[in-house]
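What follows draws every value from the coordinates through simple rules; no lab data is involved. These figures come from a predicted structure and were not determined experimentally. Cβ sites come from the backbone with ideal geometry, for glycine too, and all protein chains shown count toward neighbours.
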Amino acid sequence: MPTDTPTSASRPAATRLAIAATTGNLVCLTAAISAPFGTFLVPISEELGWSRAAVSGVLGLIAIVAAASYPLIGRTMDKVGARPIILCGNIALGLLVASLSQTTGNIWLFYLQFGLIGLAGATCASPMIAKIVSNWFDARRGLMLGVTAGVGNGVGATMMPVVAGILLPMIGWRATYGAIGAIVLLVGFPIMWLWLHDTPGHVARKPDEPERVFEGMTLREAASTGRFWVLLIAVASGAGGMTAVFTHVVPMMTDRGFGLGEATGVVATFALVTAAWQVVTGGLLDRLRTPLLVVPMYAAAMAGLALLQFGQGSLAVTAAGVLLGIGMGAEYGALSYFCSRYFGLRHFGSINSVLYAAVILAQGLTPAAMDLSYGATGAYDQASIAIIVVLGAGMALLFFLPGIGADGRTRVRRKAEEPTGDLAFAAG
């Protein structure tokens, strides 16, 4: 039976699982590193004497490391389970973020630290947690993916820049990184260790309740379909590009004369709307099951970026934060959902990790490109226009994705049944 209609014994376990998954996303790489990075960018650059492009280049390194390791991590999780890998990754991520407090003037050591952070963060990232959530929920999968990832990442991406903004003037950027590392470890590990489990299989089943077996395409089979490449180019790359914009809201605004407090407020608005809109997107996808739902949300992101870079006044930049949050929330809310529905769950870790490799690659390389553009022109205008064009192209590609129905099912067959097509449940 579907995991989101659990027995009385498993219903509390499903609630605890959702809390643990949300907590894992709250202290993941995006919240701990990407979200507050704009706050650290200028202080690090000024203290160590490096250009902004040199400092933000570490995000490109994280992108390369994570993009290379995601497929291997996802494949390993498909074989041995996600829980032990996520727990180990959380410990490593917390310790490595804290180690940034010991950064010296050696830029190569600085890059090495962030490379290791990228590897550790990849093992406990949102797509890895999404594998567990997808295993537990079916009919409400979009909603629960939105809740666990959206609320988790949103609260984390809101909280961490605020923590950084408060602590940095008081104790400096080094000690602030130490504090963020402690939050990652002390908040994340205990809850995930207690409540994060790969499947509901550890919950006692009734004697007549069959064990569930997941079905789906292999990575090779998925990659032979057009929808895989549309997701990779349009949704995954778009989400990564939007995250890159998120990391640059503070320098983009302060360079235009806005105060740090106002810029931090827009970051918080961006993050909160992203969190809420992932939940909205997931719930709507459960009901409507069409990728066209995301099209107007791409348009909102394009309008928001234009307002952020060229709009005048507090109202305009606040509206920009809202519109950008709608766009990024839709992209992240849709990606894992589409992956699970189009390709199934048996090899979900492998397939989703490849899609998220495109996310992290765009997320890491776009900031460096933005800062190179800034270095050449003294402004982010050209970079913003380029991202708007890319988002427009991705929006057009969404029209090539099929609806979720008989052609795009997630199927779970009971062991006791013969493979006759009489499945326990399907997306259609």
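Tabulated data
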read-out: Whole-Hz ³J(HN,Hα) from phi, Karplus 6.51 cos²θ - 1.76 cosθ + 1.60, for segment 245-253, glycine and proline x; value: 4, 4, 5, 10, 4, 4, x, 4, 7
read-out: 0 to 90° range, to nearest 10: angle between helix 126-136 axis and the chain longest Cα axis; value: 20 degrees
read-out: Taking the chain and dividing mean pair separation by its residue count, relative contact order in percent (alpha carbons under 8 Å, at least six apart); value: 27 percent
read-out: Cα-based shape type of segment 65-188, given that a ≥ b ≥ c are square roots of the gyration tensor eigenvalues and the cut on a/c is 1.5; value: oblate
read-out: Centroid-to-centroid separation of segment 278-294 and segment 308-329 [C-alpha atoms, Å]; value: 22 Å
read-out: Cα gyration tensor category, rounded, prolate or oblate, for segment 266-387 with a/c compared to 1.5; value: oblate
read-out: Residue range of the chain that is longest and free of GluC sites (Glu not before Pro) which are both DSSP loop and sparsely packed (at most 14 other C-beta within 10 Å); value: 1-210
read-out: Estimated vicinal HN-Hα couplings, Hz - segment 255-268 in sequence order (Karplus 6.51, -1.76, 1.60; Gly, Pro = x); value: 5, 8, x, 6, x, 4, x, 5, 5, 5, x, 5, 4, 5
read-out: Karplus 3J(HN,Hα) series, Hz, for segment 378-391 with 6.51 cos²θ - 1.76 cosθ + 1.60 (x for Gly, Pro); value: x, 7, 9, 4, 5, 5, 5, 5, 5, 5, 4, 5, 4, 4
